1. With all protein chains present, calculate the accessible area of Lys155 using a 1.4 Å probe and round the result to the nearest 10 Å².
2. If you bin the C-alpha pair distances of the chain every 5 Å from 0, what whole percents do you get?
3. Mean residue ellipticity at 222 nm from the helices of the chain, using -39,500 (n - 2.57) per DSSP H segment of n ≥ 4 over the full residue count, to the nearest 500 deg cm²/dmol?
4. Have a look at Thr45, Thr70, Thr81 and tell me which one the Gaussian network model of the chain (Cα, springs below 10 Å) gives the largest fluctuation.
5. State the volume of the convex hull built on the alpha-carbon positions of the stretch 1-77, expressed per residue in Å³ and rounded to an integer.
6. Which sequence of Glu66, Glu128 reflects their accessible areas, 1.4 Å probe, from the largest down?
7. Using a/c under 1.5 as the rounded threshold, could you call the stretch 36-137 rounded, prolate or oblate? The axes a ≥ b ≥ c are square roots of the C-alpha gyration tensor eigenvalues, and prolate needs a/b larger than b/c, oblate otherwise.
Amino acid sequence: MPEHPIVRIALLGPESTGKSTLAERLAEQYQTVWVPEFARTYLATLDHPYTAADVLHCFREQVAAEESATAAASRLLFCDTEIINFRVWLIYRFGHCPSFVSDAWTHRYDFYLLTYPDIAFEPDPLREHPGRRLFFFDWYRRELEMRGANYSVIKGEGEARIRNAKLALDQFLAARAQ
């Protein structure tokens, strides 16, 4: 058992809101590791439109990657996507979410950085909903509120966004230490 338990920080937000950049930069600043979004790599290799089975495969691999990265983490672990994202994705795209996905959320993440869609959308072949970013932001926020999760909304462009995320995280960590 580590001297201090690993604090899991989840990045959640609509497409193209800087989650990967934040996860990587914050991990650098806090001298720890981050878990990239497995689905981005996996879906790019498919030769067919993705299915619910593909999303569930991504879910399982994401959870396994988080568990593996925990051993290399130094106090904090940044997760570039998480369980709520899979729940919303499955419901929105396929109309249902297996209970084992929703149930996997329980006490998994200590703090969320919920990224607001106030930066320019950067198209890529895997992004599907440029016009629905606020819709998904609101849905994610409702999910966090429903669970009583600790979170902070992150806004701003470029370095300001990174500073805002670091400030929110530092405030959370200070309050947790008291």
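1. For Lys155, solvent-accessible area is about 100 Å².
2. Going from the shortest bin to the longest, the percentages are 1, 8, 17, 22, 22, 16, 9, 3, 1, 0, 0.
3. Details: 7 runs with 89 residues, N = 178.
Helix-only estimate at 222 nm: -16000 deg cm²/dmol.
4. Result for the chain, Cα springs under 10 Å: Thr45 fluctuates most.
5. Values: hull volume 7.7 nm³, N = 77.
For the stretch 1-77, the hull spanned by Cα atoms encloses 99 Å³ per residue.
6. On the way: Glu66 0, Glu128 75 Å².
Reading off the accessible areas and sorting them downward yields Glu128, Glu66.
7. On the way: a/c = 1.43, a/b = 1.22, b/c = 1.17.
Rounded shape, in that the Cα axes give a/c under 1.5.
The values are calculated or read from the model by the stated rules, or taken from the named source; none is laboratory data. Just so it is clear, the structure is predicted and the values come from calculations on it, not from any experiment. These area figures cover heavy atoms from the full protein model, side chains too; ligands, DNA and RNA do not enter into them. Shrake-Rupley method; radii C 1.70, N 1.55, O 1.52, S 1.80 Å.
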